[in-house]
C-alpha cells in the first residue's frame, strides 16, 4: 500500500487506527477582533465537533465590542485569552499559542462553519506521517456551498514567481466542487482560515512572522516548514464552510498587505540564486499592475501597491543580512507550478487549476 492510499484509508476508517486511549489533544483557537456576530453564529458548530480530546479557545485581539463578555457569559467552558492590543493575525496567534498546550493546534477563523466530523480525518493524517507539519480541510463557500472558497479552496499552491493560488481557485474564479480534488495530496500552503498545525513544529519555527500582521503569513510559515523538511497536505475528507472576507473586508489596506507581504515572503524564502533575477521581475509586474489599476480609475489600489513597495524597501534595508533568509533549506518543496500563473490565466486563457498545472 503506498503512502497516499494509506492516508486515504485512515481518513475513511479512523477508529481502526486510533483507539480512544490514544487520541492526541487538539486546541481549536479562534482569533477574534470585533466579530461577536460570527462567534454567536459559528461557535456552537465548533463546540459540537465530534472529537473527544479537544479544547476551544477564543483569543481576542483587544476587541472594542462585547465579544469577550458575551463568550464568557454564554460559553463558560470556552477558554478566553485577551491580548493587550490588536496584534493582527500573525502575532495575535503567536501571543495566544504560547499559552495553549496541545499536540495539535487548529487556527480557525471566526467566520467558518465546521462540520461535525471535520477534525478526525485530519488528525489521522498527522498520526500517519510524523513529518506532516500543517494540513487544511476542503474549504467551500458558506454562501454558495457547491463552490470552493477563495481563501484556500482544496489546498494552496504557488507559481514560479511567488504568486499564490489554490486547487479550485485561480485569481477570482472559484470552481464548482465536483470531487475533482478529493484525493489527499501534498500542497504548498494550508489556508489560515482553517489550518491544522503540529504544535511542536509551530514553536520550533517561531510561529507566524509578526511583521506580516495579516495576509500570506500562513504561506510564509508553510514555506519555512517545507524548507525545514516537513510536509504540508490537504485532507478533502474534512469539510468546512468559510464566509470569506469576514474578518478583514476588501480594502486598500488589504491590497497593501498582500503586495508588501508577498515581496517580503519571497525575499525571505527564495535562495539567493533565484532572488537576484526573480525579485526585479516581480517588482516590474507589480508596477504594471499598479499602472493598470490607475488607468482603470482605481487610484486607491494603485496607491496601495506603491505604498507596499516603499514599505518593502524599508523592511529590506533595515533587516540584518543574517536574519534575511530562512534557515534549513534542505527540505523538498511541493506544490509549485513551474510556470507563471499570470501568463497561464491572462494570456493562455486557462482558468482552472487542472488546466494550468497539467
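Quick note: the coordinates plus some simple rules give every number you see, no bench work behind them. Owing to the predicted nature of the structure, the values given are computational and were not obtained by experimental measurement. Positions of Cβ are backbone-derived with ideal geometry, glycine not excepted, and every protein chain shown enters the neighbour counts.
The gain in end-to-end length when the residue 313 to residue 45 segment is fully stretched comes to 92.1 nm, 0.36 nm per residue minus the alpha carbon separation. Helix 299-318 and the longest principal axis of the C-alpha atoms of the chain enclose an angle of approximately 90°. Each of 23, 241 was scored by other Cβ atoms within 10 Å of its Cβ. Arranged with the fewest first, they read 23, 241. Of the residues 330, 258, 109, the one that moves most in a GNM of the chain with alpha-carbon contacts below 10 Å is 330.
Taking the chain as a Gaussian network, Cα atoms linked when under 10 Å apart, which of 284, 197, 29 shows the biggest mean-square fluctuation? Largest GNM mean-square fluctuation: 284. Springs join every pair of Cα atoms under 10 Å in this Gaussian network model of the chain, and among 118, 343, 270 the largest mean-square fluctuation is at 343. Rounded to the nearest 10 degrees, the angle from helix 252-269 to the longest Cα principal axis of the chain is 90 degrees.
Put in order of Cβ neighbour count within 10 Å, fewest first, the listed residues 203, 143 become 143, 203.
Rounded to the nearest 10 degrees, the angle from helix 36-47 to the longest Cα principal axis of the chain is 50 degrees. Computed from the Cβ-Cβ distance with R0 of 35 Å, the FRET efficiency linking residue 178 to residue 281 stands at 0.50.
Most simply put, the chain has about 45% antiparallel DSSP beta bridges, counting only bridges with both residues inside it. With all pairs of separate Cα atoms included, the chain yields a Kirkwood hydrodynamic radius of 20.8 Å. Each helix, a run of at least 4 DSSP H residues, gives -39500 (n - 2.57); summed and divided by the residues of the chain, these come to -11500 deg cm²/dmol at 222 nm.
When 319, 267 are arranged by Cβ crowding within 10 Å, least crowded first, meaning fewest neighbours, the order is 319, 267.
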